[in-house]
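Asker: Take this structure, written in structure tokens, and hold onto it; I'll ask about it next.
The values are calculated or read from the model by the stated rules, or taken from the named source; none is laboratory data. Computed from a prediction, not measured in an experiment: that's the story for all the values here. Reconstructed Cβ throughout: ideal geometry from the backbone, glycine too, with neighbour counts over all protein chains shown. Note: accessible area is taken over every heavy atom of the protein model, side chains too, but ligands, DNA and RNA are not part of it. Shrake-Rupley method; radii C 1.70, N 1.55, O 1.52, S 1.80 Å.
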Amino acid sequence: MRTQVVIIGGGPSGLLLSQLLHRDGIDTVMLERQSREYVLSRIRAGVLENGTVEMLRQAGVADRLDAESFVHSGTYLSARNQGFRIDFDALIGRSVTVYGQTEVTRDLYAARDAMDGKIIHGVEAVTLHDLKTEAPFVTYTKDGTEHRIDCDYVAGCDGFHGVSRKAIPASILKEVERVYPFGWLGVLSETKPVSEELIYAHHERGFALCSMRNDSLSRYYIQAPVDDPIEKWSDDAFWDELKRRIPEDAADRLETGPSIEKSIAPLRSFVAEPMRWGRLFLVGDAAHIVPPTGAKGLNLAVSDVYYLWSGLREAYQGDAATLDQYSDRALARVWKAIRFSWWFTTLMHRFPEQSEFDRRIQEAELDVLETSKAAQTVLAENYVGLPY
Ligand code: FAS
Ligand code: PHB
């Protein structure tokens, strides 16, 4: 088989890239390890930056988003069970969109099907070959049979645990990481959201976040030990702990109910450089991971897709200059999001070893955020999304 671009990974990065390239007449084949049902069963991001919404519109997959999403012109922060609002719209004239990553992925799969996109699920042993030549190829097995796809380029959209990043020689690849000493215990429940906007809560017992997917589907998180067995957390134990950490008025009106999804996710900041090696381009979680505090993971994947899509379409028109800048352009924006996500995580969470001084500094910084328009403006610019 031959194609122009082989895309490894059928998450949001791979799907959006294949849709944009296909609409430009560039042929792709996508290889996905899991079944479509498994990919669509993942509960992940919830907040979309302006740039992400515009890219989904560019890809022709924003109709349901436009009909069903929420636009949030601000968010709440709280300290010591007292909340205050950061008004994005008043501060910077922009907002964010709340629409689950699962729905984005569903819309992208539907669009790929409508264009008869080539997606192969259930692949194994994906291996990248001759990446430093002008004739790279990818091999994989499916149902015990080995296949080969010759191509011009390979997009590694296969997430943190994929194979693409590992195809870059250790002598070339530089990885930097910070692992946080806690995780997020997340619950999805068919309950009315406790607030019309998100609430990020700092509390001496630990961080909590109130989010949602729609008017009757809520998403909540509490900071928890990353090695806690999920069985330790009954629904009642989760709700009781959430109430202790969020603003008093929210705790009083919180609607609880059975969890329909409950899991603990680790938190890390991670960047792999460069994001290109020969004809291989790393995209999204394959190249970088952020703690979800700043709602940047999915949104960073989309800006990577923008930079790679721009480069590939120009390369196929005869000008490879933009493509040659891919890694530097993507990393410049990645590191600003890494910084914001690290800052917001460090501000809002209770660190096991932190001193009384550290805790008072956190409270002082929250006091500054509550009263300083300048401080709120910096948070708003980063949260809503820095320019591409
Ligand atoms: P993905 O990991 O989504 O997709 C990679 C795909 O490649 C997967 O489908 C995988 O099956 C496939 N794959 C892997 N290895 C392969 C191989 N060898 N061959 C073929 N296919 C292979 N971000 C936020 O902004 N907000 C959040 O609240 C948030 N919560 C998260 C919670 C969890 C538990 C996790 C893990 C991530 C969360 N994220 C969040 C980040 C997440 O949304 C990612 O940023 C986003 O999924 C990135 O998309 P992709 O780069 O496409 O990677
Ligand atoms: C979510 O709704 O899942 C969500 C929202 C904002 C975050 C993290 C997760 O910062």
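Asker: Determine the sum of side-chain charges near S13: Lys and Arg each +1, Asp and Glu each -1, restricted to other residues whose C-beta is under 10 angstrom from that of S13.
Answerer: Details: positive: none; negative: D158, D285, D304.
Charge balance in the 10 Å sphere: -3.
Asker: Could you tally the net charge around S95, taking each other residue with its Cβ under 12 Å from the Cβ of S95, Lys/Arg +1 and Asp/Glu -1?
Answerer: On the way: positive: R94; negative: E49, D87, D89, E197.
Net charge around S95: -3.
Asker: Another one. Kindly state, as a whole number, the per residue volume in cubic angstrom of the convex hull around the alpha carbon atoms of segment 109-196.
Answerer: Details: hull volume 21.5 nm³, N = 88.
That works out to 244 Å³ per residue.
Asker: What's the long-distance tail for segment 209-323, i.e. % of Cα pairs beyond 16 Å?
Answerer: Values: 4659 of 6555 pairs.
Across segment 209-323, Cα pairs with separations above 16 Å total 71 percent.
Asker: Quick one: work out Rg over Rh on the C-alpha atoms of segment 1-72, Rh as Kirkwood radius. Don't skip to the end; give the middle numbers.
Answerer: Working: Rg = 13.7 Å, Rh = 13.7 Å.
Looking at segment 1-72, the ratio lands at 1.00.
Asker: Per DSSP H run of at least 4 residues, take -39500 (n - 2.57); add these up for the chain, divide by its residues and hand me the 222 nm value, nearest 500 deg cm²/dmol.
Answerer: Values: 13 runs with 142 residues, N = 388.
Rounded to the nearest 500, it is -11000 deg cm²/dmol.
Asker: Residue-wise, which Karplus ³J(HN,Hα) couplings in Hz belong to segment 78-94, taking 6.51 cos²θ - 1.76 cosθ + 1.60, θ = phi - 60°, and x for glycine or proline?
Answerer: So the J values, rounded to whole Hz, are 9, 9, 6, 6, 10, x, 9, 10, 9, 9, 4, 4, 5, 7, 10, x, 9.
Asker: Let me ask you something else. Among the listed pairs K262/K336; K118/K166; K118/K296; K142/K174; K166/K296; K192/K262, which have their C-alpha atoms separated by more than 27 angstrom in this model?
Answerer: Working: K262/K336 31 Å; K118/K166 25 Å; K118/K296 29 Å; K142/K174 32 Å; K166/K296 23 Å; K192/K262 17 Å.
From K262/K336; K118/K166; K118/K296; K142/K174; K166/K296; K192/K262, over 27 Å: K262/K336; K118/K296; K142/K174.
Asker: Another question about this same structure. What does the C-alpha gyration tensor say about the overall shape of segment 34-120? Classify as rounded when a/c is under 1.5, otherwise prolate if a/b is larger than b/c, or oblate.
Answerer: On the way: a/c = 3.81, a/b = 1.88, b/c = 2.02.
Since a/c reaches 1.5 but b/c is at least a/b, the shape of segment 34-120 is classed as oblate.
Asker: In addition: In whole Å, what is the distance between the alpha-carbon centres of segment 342-388 and segment 72-104?
Answerer: Measuring centre to centre over Cα atoms gives 15 Å.
Asker: Follow-up question, since we're still on this one. What is the packing order of peptides 266-273, 6-13, taking the mean over residues of other C-beta atoms within 10 Å and listing the highest first?
Answerer: Details: 266-273: 18.1, 6-13: 28.0.
Packing order, densest peptide first, comes out as 6-13, 266-273.
Asker: Which distance in Å, rounded to a whole number, links the C-alpha centroids of segment 189-206 and segment 1-70?
Answerer: 29 Å
Asker: Another question, then. Step through the residues of segment 365-370 one at a time and calculate ³J(HN,Hα) from phi using the Karplus curve (6.51 cos²θ - 1.76 cosθ + 1.60, θ = phi - 60°), rounding each to whole Hz and writing x for Gly and Pro.
Answerer: Those phi angles translate into 5, 5, 5, 4, 4, 5 Hz.
Asker: Using only Cα atoms, figure out Rg for segment 280-388 and give it as a multiple of 2.2 N^0.38 Å.
Answerer: Working: Rg = 17.6 Å, N = 109, 2.2 N^0.38 = 13.1 Å.
Expressed relative to 2.2 N^0.38 Å, the Cα Rg reads 1.35.
Asker: I've got another one for you. For segment 156-247, take N as its residue count and report Rg(C-alpha) divided by 2.2 N^0.38 Å. Mind dumping the intermediate values first?
Answerer: Working: Rg = 17.6 Å, N = 92, 2.2 N^0.38 = 12.3 Å.
Against the empirical 2.2 N^0.38 Å value, I get 1.43 for segment 156-247.
Asker: What list of whole percents do you get for P(r) of segment 1-153, with Cα-Cα distances grouped in 10 Å bins up to the one holding the largest distance?
Answerer: P(r) over segment 1-153, rounded to whole percents: 10, 32, 28, 17, 9, 4, 0.
Asker: Oh, and also: Convert each backbone phi in segment 204-217 into a coupling constant with the Karplus relation 6.51 cos²θ - 1.76 cosθ + 1.60 (shift: θ = phi - 60°), then list the ³J(HN,Hα) values in order as whole Hz, x for Gly and Pro.
Answerer: Values, residue by residue: 5, 7, x, 6, 8, 9, 10, 9, 7, 10, 6, 5, 10, 9 Hz.
Asker: Give the Kirkwood hydrodynamic radius (Å, one decimal) of segment 87-153, defined as one over the mean of 1/r across all pairs of different Cα atoms. Can you show the working numbers first?
Answerer: Working: mean 1/r = 0.0634 Å⁻¹.
Computed over Cα pairs of segment 87-153, the Kirkwood hydrodynamic radius comes out at 15.8 Å.
Asker: Now, a different point. Summarise the accessible area of segment 170-218 (1.4 Å probe, protein heavy atoms) by the percent that is carbon and sulfur.
Answerer: Working: 950 of 2080 Å².
Using a 1.4 Å probe with all protein chains present, segment 170-218 comes out at 45 percent carbon and sulfur.
Asker: Ignoring any ligand, DNA or RNA, what whole percent of the accessible area of segment 292-388 comes from carbon and sulfur when the probe is 1.4 angstrom? If you can, show how the numbers build up before the last one.
Answerer: Numbers: 2350 of 4220 Å².
Carbon and sulfur together cover 56 percent of it.
Asker: Separate question: If you average 1/r across every pair of different Cα atoms in the chain and take the reciprocal, what Kirkwood value do you get, in Å? Mind dumping the intermediate values first?
Answerer: Working: mean 1/r = 0.0461 Å⁻¹.
Radius from the Kirkwood sum: 21.7 Å.
Asker: Skip the ligands, DNA and RNA, and give the accessible area per residue of the chain with a 1.4 Å probe, whole Å².
Answerer: Details: 16220 Å² over 388 residues.
Averaged over the residues of the chain, the accessible area is 42 Å².
Asker: Sorted by packing (mean other beta-carbon atoms within 10 Å per residue), highest first, where do 203-216, 303-316 land? Write down the numbers at each step before the final one.
Answerer: Details: 203-216: 19.1, 303-316: 22.7.
Ranking, from highest mean packing down: 303-316, 203-216.
Asker: Against the empirical 2.2 N^0.38 Å scaling, what ratio does the C-alpha Rg of segment 185-232 come to?
Answerer: Numbers: Rg = 11.6 Å, N = 48, 2.2 N^0.38 = 9.6 Å.
Relative to the rule-of-thumb radius for its length, segment 185-232 sits at 1.22.
Asker: Summing Lys, Arg as +1 and Asp, Glu as -1, what charge do residues with Cβ under 15 Å from the Cβ of V123 carry, V123 excluded? Before the final figure, lay out the partial values.
Answerer: Numbers: positive: R33, R36, K118, K142, R148; negative: E32, E124, D143, E146, D158.
Surrounding charge for V123 is 0.
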